[in-house]
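The values are calculated or read from the model by the stated rules, or taken from the named source; none is laboratory data. Note that the structure is a prediction, hence the values are computed from the model and not measured. Here the Cβ positions follow ideal geometry from the backbone for every residue, glycine too, while neighbour counts run over all protein chains shown. Calculation scope for accessible area: heavy atoms of the full protein, side chains included, ligands and nucleic acids excluded. Shrake-Rupley method; radii C 1.70, N 1.55, O 1.52, S 1.80 Å.
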Amino acid sequence: TDDRLGLAGSSYLQVVHGLCTGRPPRPDLALEKRLQGVLRAAIGAGLVSAAHDLSDGGLLVAVAEMAMAAGTGVQLQLPAFEGSGLRLERLLFGESGARVLVTVPRAQQGAFEHLMATHQCPQELIGEVQAAPRLQLQLGSRLALDLEISAMAAAHGGGIPRRLQGHALGQNG
């Protein structure tokens, strides 16, 4: 298994299990340097529409945040998950460096893939932006998640008020 991807010390571990423990993922500084350089070049060349690191919340959080910000939907297809031996939580919420979610216009996909390969940065096509405002996650042949972007945005936007509900607010003057 890849020891650069883990749940130790992650937002997932804190939120779901109430734990802040474990050894953080092993950094790959050489890959991080190559990736950041190639992404700057790709953005400068107009090959990337949007980008979001996966170090805080992992893949699914980054996808959700990007979809809510853009007001578009996304369909993720992770066919290689089934039979991989990788826990779903680790795949979707694992945090580490040198991992970035990018959206690339279809017309620029070949140039982007070539640039990434030239700089020895691994990449994987995992889905596509769609007009329908839904986040859909396909794991092999199974539809594992299907949420409306507006419902996600409402839940996300209401997080602070829910946390403050029942707490007195003071004003510093």
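What percentage of the solvent-accessible surface of region 4-94, computed with a 1.4 Å probe over protein heavy atoms, is contributed by carbon and sulfur atoms?
Values: 2860 of 4940 Å².
Taking all protein chains in place, region 4-94 shows 58 percent carbon and sulfur surface.
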Label-point separation, A8 to A41 (7 Å along Cα→Cβ), nm: 3.4 nm
Within region 38-75, backbone nitrogen closer than 20 Å to the virtual label 7 Å beyond the Cα of L29 toward Cβ: 38-39, 55
Share of carbon and sulfur in the accessible heavy-atom surface of region 111-152 [1.4 Å probe, %]: 56 percent
Rounded if a/c under 1.5, otherwise prolate or oblate - region 22-125, Cα gyration tensor axes: oblate
